[in-house]
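Reading through the structure tokens given below for one structure.
Here, each number is a calculation from the coordinates, and none is a lab measurement. No experiment lies behind these values; they were computed from the predicted model shown. All Cβ positions, glycine included, derive from the backbone under ideal geometry; neighbour counts span all protein chains shown.
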């Protein structure tokens, strides 16, 4: 598998909180964290699962120059760095949850997945047997999602959402 994923802080943090950063490694040949994202995560509490994972070396590091086309969107430095790195490397995929960053990605033609999309991909290719239990875990971990969104997402993989 030659899929290369570039992670923003939010998906890294939520997957680490539920102990499922392994999904990224099962779905990709490489997982990258821009230096700005790693720094953001490492500013958190040392007992945070994402802090521990990044501190231990999870994700390959890279610095990047942010082009004006991305700076103009007024995104955070982490999101901007993720998009910049993916723009520099054709075929790489940004992993972002931030709505404005995803709009920027779409406008620039940058391939993007969110945390939910990553879980759905894992289900589609057989890495996990069901997506719904993982959705429940991320809700318990603090990610807010509308039930209608969850229903629609799970329908894509033949599952249903029961509240």
Quiz item: Gap in Å between the Cα centre of the stretch 75-115 and the Cα centre of the stretch 21-37?
Solution: 14 Å
Exercise. Could I have the simple spin-label model distance between residue 124 and residue 69, label points 7 Å from Cα toward Cβ, reported in nm to one decimal?
Key: 2.5 nm
Quiz item: Which value in deg cm²/dmol, rounded to the nearest 500, describes the helix-derived mean residue ellipticity at 222 nm for the chain, given -39,500 (n - 2.57) per DSSP H run of n ≥ 4 and division by the residue count?
Solution: -14000 deg cm²/dmol
Quiz item: Taking square-rooted eigenvalues a ≥ b ≥ c of the alpha carbon gyration tensor, is the chain rounded, prolate or oblate, where a/c under 1.5 means rounded and, failing that, a/b exceeding b/c means prolate?
Solution: prolate
Quiz item: With springs only between Cα atoms under 10 Å, which of 61, 140, 102 fluctuates most in a Gaussian network model of the chain?
Solution: 140
Self-check item: Protection-proxy order for peptides 31-37, 111-117, each taking the mean of Cβ atoms within 10 Å per residue, highest first
Solution: 31-37, 111-117
Practice problem: Give me the number: length gained by fully extending residue 139 to residue 106, i.e. 0.36 nm times residue separation minus the C-alpha to C-alpha distance, one decimal in nm. | Solution: 9.3 nm
Quiz item: Which peptide among 70-79, 4-13 comes first, and what is the full order, when sorted by highest mean count of other Cβ atoms within 10 Å?
Solution: 4-13, 70-79
